[in-house]
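Novice: Here's a structure for you.
The values are calculated or read from the model by the stated rules, or taken from the named source; none is laboratory data. None of the values given here were measured: they were computed from a predicted structure. Note that each Cβ is placed from the backbone with ideal geometry, even for glycine, and that neighbours are counted across all protein chains shown. Quick note on the areas: whole protein, heavy atoms, side chains included, nothing else; ligands and nucleic acids left out. Shrake-Rupley method; radii C 1.70, N 1.55, O 1.52, S 1.80 Å.
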Amino acid sequence: MNTEATPHCATLGFDKDRIQQTLSLLGLDAAHEKVAASSLLPEVIPERVDEIINSCFAVMMDSDSFELIEKDIGTEAFRQEWKYRLQSFGKNFATPGYFEERLALAAAFAHANIPLGALQLPSFLIQQALIDSLSDKADLNADKNRALLNIILNLTALDLYLSAEGYRLPELYELEEKLDTLRAEASRLQQKAWTDELTGTMSYRKLMESLEHHIKRAVRRGHERSPLCLIMSDLDFFKKINDTYGHMVGDLVLRHLAGRIKSATRDFDMIGRFGGEEFVVIMADTDLELAKVIAERIRLGVMRTPFHIKKFNIHITISLGVAMLKPGESRESLLERADAAMYEAKRRGRNCVVTTKEM
């Protein structure tokens, strides 16, 4: 049997494996396909298809769903669809096209809010009509009669199953859309929690998580192979800037400072706002000497790029402390040593870089 699923059929939830599993579960195999192709359509389904549909329609008209069918689908459209289902019953049932057509029809009924029973009732009526037609075929021997009866029942079960599965598709799509919305919102909230809104750098929480992660990585890989350094920086005389120009300008200065730090560091370095005017740079696979070079590059970039706003030209500088992770050292200890080096830089007159090795 050719159960190679089309892309659209797979989208509806039935790839090659599921089609095969469904057919096996319902007891349909290549032998049934051969019987359906050679005997079922020409011998069991009579030429008077319209008469069968008319007799079945009389039953449908008494159902509560018929009014919805008339309103949302149209009587003639429904009649033509039913006629097609009768004429195509069992024809190439093992192909993705057969699955796709019935799944799509059920999904259309669900979209139109027509009850599932209104879709499944024709399957039962078709089954009964085919069984009645089978009983009228006096030229069929007992074995062939049993084989055709069995395949009619199994194919009806297949149609009922596909109608039920297809009817759930709109609900699944709506659920998937809701889940996608929830995922996007969760991602947005997570990104918000991870990002400092003012400067666009990592938030304090994300900074601490990232630092812990890199410490564990350095321990796992070995300190000599993967040295880890930390830069702690503080904007010099930030209080004076706020007092002179106002807190709004002060916020813009912090944003400018974050941009200068980013431009002076490498793509894989991680920058976070530690608090107030303090920023931390996590530098993986970096020894103390290289970290100092990068810290000096940050210092010069900040010093040489004043912040311009309206008529103001605000010159800023920063003090930086650099520390390298020691074997067995905790996150808190590393931060404390980098912070101590930064305050030593301030003590030495600000606008300079001090490493823990120089203290």
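Novice: In this structure, does Thr265 turn out to be polar (S, T, N, Q), open to solvent by 10 Å² or more (accessible area, probe 1.4 Å) and within 19 Å of Thr201 (Cβ to Cβ)?
Specialist: It is true that Thr265 is polar (S, T, N, Q), open to solvent by 10 Å² or more (accessible area, probe 1.4 Å) and within 19 Å of Thr201 (Cβ to Cβ).
Novice: Is there a residue in segment 275-289 that is over 26 Å from Lys206 (Cβ atoms) and surrounded by fewer than 18 Cβ atoms within 10 Å (Cβ to Cβ)?
Specialist: For segment 275-289, residues over 26 Å from Lys206 (Cβ atoms) and surrounded by fewer than 18 Cβ atoms within 10 Å (Cβ to Cβ): present.
Novice: Within segment 290-306, track down each residue that is surrounded by fewer than 17 Cβ atoms within 10 Å (Cβ to Cβ), hydrophobic (A, V, I, L, M, F, W, C) and either touching a helix residue (DSSP H, G or I) at 6+ places or on another chain (Cβ under 8 Å) or farther than 19 Å from Ile215 by Cβ (or both).
Specialist: Val293, Leu300, Met303 - these are the residues of segment 290-306 that are surrounded by fewer than 17 Cβ atoms within 10 Å (Cβ to Cβ), hydrophobic (A, V, I, L, M, F, W, C) and either touching a helix residue (DSSP H, G or I) at 6+ places or on another chain (Cβ under 8 Å) or farther than 19 Å from Ile215 by Cβ (or both).
Novice: Next up: Please work out which one of (1) in a helix (DSSP H, G or I); (2) modelled with pLDDT of 75 or more; (3) within 19 Å of Leu23 (Cβ to Cβ) is the condition Ala94 fails and give its number.
Specialist: (1)
Novice: I need the full set of residues from segment 217-235 which are part of a loop (DSSP other than H, G, I, E, B) and not charged (D, E, K, R), in order please.
Specialist: Within segment 217-235, Gly222, His223, Ser226, Pro227 qualify.
Novice: Among the residues of segment 236-251, is any within 22 Å of Ala341 (Cβ to Cβ), out of contact with any strand residue (DSSP E or B) (no Cβ under 8 Å at 6 or more places or on another chain) and outside any helix (DSSP H, G or I)?
Specialist: Within segment 236-251 (the criterion being within 22 Å of Ala341 (Cβ to Cβ), out of contact with any strand residue (DSSP E or B) (no Cβ under 8 Å at 6 or more places or on another chain) and outside any helix (DSSP H, G or I)), the answer is yes, since at least one residue qualifies.
Novice: Right, next: Please state which of the following conditions Phe109 fails to meet, knowing it meets all the rest: (1) modelled with pLDDT under 75; (2) part of a helix (DSSP H, G or I); (3) over 27 Å from Leu148 (Cα atoms).
Specialist: Unmet for Phe109, out of (1) modelled with pLDDT under 75; (2) part of a helix (DSSP H, G or I); (3) over 27 Å from Leu148 (Cα atoms): (1).
Novice: State which residue is surrounded by the fewest Cβ atoms within 10 Å (Cβ to Cβ) when the search covers only segment 307-349 and only residues that are part of a loop (DSSP other than H, G, I, E, B) and touching an Asp or Glu at 6+ places or on another chain (Cβ under 8 Å).
Specialist: Thr317
Novice: Against the condition open to solvent by 50 Å² or more (accessible area, probe 1.4 Å) and at pLDDT 80 or above, how does Leu162 come out, does it pass?
Specialist: no
Novice: Among Arg337, Arg299, which is the only one that is in contact with a Lys or Arg (Cβ under 9 Å, 6 or more places away or on another chain) and of a type outside the set (A, V, I, L, M)?
Specialist: The conditions single out Arg337.
Novice: Starting from segment 269-293, keep only residues that are free of Cβ contacts under 8 Å to residues at least 12 places away in the same chain and under 14 Å from Leu235 (Cβ atoms), then list their pairs with residues that are aromatic (Phe, Trp, Tyr) and assigned to a helix (DSSP H, G or I) whose Cβ atoms are within a distance under 8 Å, requiring at least 6 positions of separation or different chains.
Specialist: So the pair list comes out empty.
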